[in-house]
1. So what's the projected area for region 27-147, the Cα convex hull averaged over all directions, in nm²?
2. Anyone know which of Val39, Val171, Val52 comes out most mobile in the 10 Å Cα GNM of the chain?
3. Does region 65-117 classify as rounded, prolate or oblate by the C-alpha gyration tensor (a ≥ b ≥ c root eigenvalues; a/c under 1.5 gives rounded; else a/b over b/c gives prolate, otherwise oblate)?
4. Work through the residues other than Asp78 whose Cβ is under 11 Å from its Cβ and net out their charges, Lys, Arg +1 and Asp, Glu -1.
5. Dividing the alpha-carbon radius of gyration of the chain by 2.2 N^0.38 Å (N being the number of residues), what value is obtained?
6. Just tell me which lysines come within less than 19 Å, Cα to Cα, of Lys211; anything on the same chain fewer than 8 places away is out.
7. If the cut-off is a Cα-Cα distance under 30 Å, which lysines reach Lys87, setting aside same-chain residues fewer than 8 apart in sequence?
8. Under a 10 Å cutoff between Cα atoms, tell me which one of Pro36, Pro181, Pro109 has the largest fluctuation in the Gaussian network model of the chain.
Amino acid sequence: MLDSISIKEIAYSLSFDLCGIAPVDRFSGAPDGFHPNDVYKNCKSVIVFAKVIPNSSLYASSFIPYSHLGSVIIQEVDNLTVKFARKLEELGIEAVPIPSDDPYEYWEPDRLYGRAILSLRHAGRLAGLGILGKNTLLINNKFGNMIQLGAILVNIDLVGDPLAKYEGCLVDCELCLNSCPKGALDGKTVNQSLCRSHSIYEHEKGYILKKCNTCRKVCPNALGIK
């Protein structure tokens, strides 16, 4: 049976930049219906991994590079997640891949509020990959918040990684809160209605574009903890 070290070796061989493991009992605080065992009843461990997002798009005057890059990196993580799951299945492990972004089922149209089947940023924290910032993004000490997460639920017990202990957001820092064009952040969560109505733009030609990255860009730790 594979151990945690062997699992990570597979992840890095697939070109993931980060990989951590969280035993399923760490998810005791997950909302009803969104626990790993609600997705896959035999889940014993959650493997969480990430690809680094090229950061120069943050500084483009046009939002097209950032929007396009987001779509590409999401698809890349999803494709690699499928390859990862296949490798694990070849080794006799049940492996349920989790989408890096869409699709998900839970949606409240009046509030423009959606919830993925598993919160990858919380899973990343529980797998030791980083801490949550006031902008609600996961901050890794090396790569900052410029990472795209993915996960696989497996039916084997694996040794979990220690939780990150470093400090991300300084106590007095409110750059992301004060810079959000819609005031959608309160330091703990994000008002999805305010955020989505401003940041997600449907072009008249039918493209879905993301035109705001302010909370990510202004963070002093956007590219790694100083």
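We did not get these values from a lab; they are worked out from the coordinates using the rules stated. It should be emphasised that the depicted structure is a prediction, and the values quoted were computed from it without experimental measurement. FYI the Cβ positions are ideal-geometry reconstructions off the backbone, even for glycines, and counts take in every protein chain you see.
1. Numbers: hull surface 36.5 nm².
Mean orientational projected area (region 27-147, Cα hull): 9.1 nm².
2. Greatest mean-square fluctuation among the candidates belongs to Val171.
3. Values: a/c = 6.28, a/b = 1.52, b/c = 4.14.
Oblate is the answer for region 65-117, as a/c is 1.5 or above yet b/c matches or exceeds a/b.
4. Working: positive: Lys51, Lys83; negative: Glu76, Asp101, Asp102.
That sum, taken over residues with Cβ under 11 Å, equals -1.
5. Details: Rg = 17.4 Å, N = 226, 2.2 N^0.38 = 17.3 Å.
Cα-based Rg divided by the globular estimate yields 1.01.
6. In chain and number order, the partners are Lys182.
7. Qualifying lysines at Cα under 30 Å: Lys8, Lys41, Lys44, Lys51, Lys142.
8. It is Pro109.
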